[in-house]
Amino acid sequence: MIAGLYIDGHSALHRAQAGLKVLALIALGTGVFLISDWPVLGGVLITVLALYPVSGFGPKILWAQIKPMIWLLILFFAVQLWLNDWQAGLVVILRLAGIVLFAGLVTLTTKTSDMLAALERALMPLARFGVNPEKVSLAFSMVLRFIPVIAHVGHEIRDAQRARGLDKSIIALIVPLIIRTLKMADDVADAIEARSFDPE
């Protein structure tokens, strides 16, 4: 199972308006970068983790969100440990884990159509300035979807490199991930052009 795909449910988070969930994600993504105290970030992460069972998702689904990004968190922590100290490493991985897990929760509880409709309504006033609400909302929605997908791709690359005995090489992990991410970005751009239109 790829993390981050919508699962039907009746929790309060499922019933919440898509626009409010997207705003909450933006607020969280902004807020965690304004916080540099790792215990506070740890509390944020614990809160996000607690929302999974509250929303009706068991340990299996939660683990599906966490598992693909474990190696990435370890890598970031190791880099920060080398460049700074363990506290800096904790700050980085707690920020990343909180954002990714909440983004996964948003996509698990929000239909793509609802997310697109909410974003288009929010962006509609900007149409007079040349902004295409359809394109922007589709792009934002696909970015949310691709956060867990990229983590899943990273997990696949790690497994493939481990089979070749290259799992200890950072370059052997990062280079294929960058290439595949750029390829997916091209596919996303093509999809946006194919599914969107200019209002003029």
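The values are calculated or read from the model by the stated rules, or taken from the named source; none is laboratory data. Note that the structure is a prediction, hence the values are computed from the model and not measured. Cβ placement follows ideal geometry from the backbone for every residue including glycine, while neighbour counts extend to all protein chains displayed. Just so you know, the surface numbers come from the protein's heavy atoms only, side chains and all, with ligands and any DNA or RNA stripped out. Shrake-Rupley method; radii C 1.70, N 1.55, O 1.52, S 1.80 Å.
The alpha-carbon atoms of the stretch 13-98, seen along their principal axes, cover 44, 29, 18 angstrom, with the largest extent given first. In terms of the mean number of neighbouring beta-carbon atoms within 10 Å, the peptides 92-105, 41-54 order highest first as 92-105, 41-54. Computed over protein heavy atoms with a 1.4 Å probe, the accessible surface of the stretch 1-58 works out to 58 Å² per residue.
Sorted by average packing, counted as other Cβ atoms within 10 angstrom per residue and highest first, what order do 153-163, 63-73 take? Don't jump to the answer; show the numbers that get you there.
On the way: 153-163: 16.1, 63-73: 18.7.
Averaged packing, sorted descending, gives the order 63-73, 153-163.
Carbon-plus-sulfur fraction of the accessible area of the stretch 1-104, 1.4 Å probe, in percent? Looking at the stretch 1-104 in its full context, I get 74 percent from C and S. The alpha-carbon atoms of the stretch 61-127, seen along their principal axes, cover 46, 31, 13 angstrom, with the largest extent given first.
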